[in-house]
1. Scanning segment 56-78 for residues that are among the hydrophobic types (A, V, I, L, M, F, W, C) and in contact with a Cys (Cβ under 9 Å, 6 or more places away or on another chain), which turns out surrounded by the most Cβ atoms within 10 Å (Cβ to Cβ)?
2. Residue check: is Pro166 surrounded by fewer than 10 Cβ atoms within 10 Å (Cβ to Cβ), outside any helix (DSSP H, G or I) and either in contact (Cβ under 8 Å) with a residue 60 or more places away in the chain or hydrophobic (A, V, I, L, M, F, W, C) (or both)?
3. I'm trying to understand the selection: among the residues of segment 111-123, which are part of a helix (DSSP H, G or I) and surrounded by 11 or more Cβ atoms within 10 Å (Cβ to Cβ)?
4. Among the residues of segment 146-158, is any assigned to a loop (DSSP other than H, G, I, E, B), under 30 Å from Ile54 (Cα atoms) and touching a helix residue (DSSP H, G or I) at 6+ places or on another chain (Cβ under 6 Å)?
5. Looking only at residues that are of a type in the set (Ser, Thr, Tyr) and more than 30 Å from Pro173 (Cβ to Cβ) in segment 1-52, which one is modelled with the lowest pLDDT?
6. Restricting attention to segment 6-45, which residues are over 60 Å from the mean Cα position of the chain (by Cα) and among the hydroxyl-bearing types (Ser, Thr, Tyr)?
7. Cβ-Cβ under 6 Å, sequence separation 6+ or interchain: first residue in segment 55-74 and farther than 16 Å from Asp163 by Cβ, partner hydroxyl-bearing (Ser, Thr, Tyr). Which pairs?
Amino acid sequence: MPSLADVANDIKALLDDIKSNTLATKNNTAQTAANVMILNSTSQAGFSNLANGIAVEIALQHQTNDLLNINNEQNEVIICWLKNVANVLCNIKNNTDKSVALETEIKTTIVHLDKISELLNSEQAMEVLKHNELQKQIEKCCPPLVIEPKPCFDDCKLPKFSDYKPIDTKWTPIKFDDTRK
């Protein structure tokens, strides 16, 4: 049977083991708490960086949308001008087709009448030829007045927009200070 001193020594040894294990648990708990604080600050820095990055992306998207709206307005002006040009060209083509047909008919009639007139009035025909030559010389010296054509259509309304000024997208992430060194 063990003596009372042996039992006391065994109990003392158990208490020492409990004390050292409790100290190790305390140290582990303190280390875990420190790791949780580091993880918390890392997460906060990461979320701040993510929020700032998304804010920059949103600002760039707004700027892109503004530039696309300006481009859309410019495209509408281009389409307006193209419609005006198409209308003018269509009118010119229609008028040209009518004019060509009429001029062909008139030319045929005039050539016919001119031949009849020259046969009937040969002396006067020679005077007309002399007059035409004199008129050419006068026009060579003093050309006739040229009349400026009138505009065919109204100007298209141009969009008003401000000058493009890119936003500042420079930002630096929050640096995490690792205190576990």
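1. Val77
2. Details: surrounded by fewer than 10 Cβ atoms within 10 Å (Cβ to Cβ): yes; outside any helix (DSSP H, G or I): yes; either in contact (Cβ under 8 Å) with a residue 60 or more places away in the chain or hydrophobic (A, V, I, L, M, F, W, C) (or both): yes.
So Pro166 passes the test.
3. The first filter runs over segment 111-123 and keeps only residues part of a helix (DSSP H, G or I), leaving 111-120, 122-123.
Asp114, Ser117, Glu118 - these are the residues of segment 111-123 that are part of a helix (DSSP H, G or I) and surrounded by 11 or more Cβ atoms within 10 Å (Cβ to Cβ).
4. Narrowing segment 146-158 to residues assigned to a loop (DSSP other than H, G, I, E, B): 146-158.
The next check asks that each one be under 30 Å from Ile54 (Cα atoms); those that pass are none.
Scanning segment 146-158 turns up no residue that is assigned to a loop (DSSP other than H, G, I, E, B), under 30 Å from Ile54 (Cα atoms) and touching a helix residue (DSSP H, G or I) at 6+ places or on another chain (Cβ under 6 Å).
5. Narrowing segment 1-52 to residues of a type in the set (Ser, Thr, Tyr): 3, 20, 22, 25, 29, 32, 41-43, 48.
Still in the list and also more than 30 Å from Pro173 (Cβ to Cβ): 3, 20, 22, 25, 29.
Values: Ser3: 84, Ser20: 80, Thr22: 83, Thr25: 85, Thr29: 89.
Residue satisfying both the conditions and the ranking: Ser20.
6. Restricting attention to segment 6-45, the residues satisfying the condition of being over 60 Å from the mean Cα position of the chain (by Cα) are 6-27.
If the condition is that a residue be over 60 Å from the mean Cα position of the chain (by Cα) and among the hydroxyl-bearing types (Ser, Thr, Tyr), then Ser20, Thr22, Thr25 are the ones that fit.
7. Close Cβ pairs (under 6 Å, with a partner that is hydroxyl-bearing (Ser, Thr, Tyr)) amount to Val56/Thr169.
The values are calculated or read from the model by the stated rules, or taken from the named source; none is laboratory data. Note that the coordinates shown come from a computational prediction; the quantities given were computed from them, not determined experimentally. Every residue, glycine among them, receives a Cβ derived from its backbone with ideal geometry; neighbour counts consider all protein chains shown.
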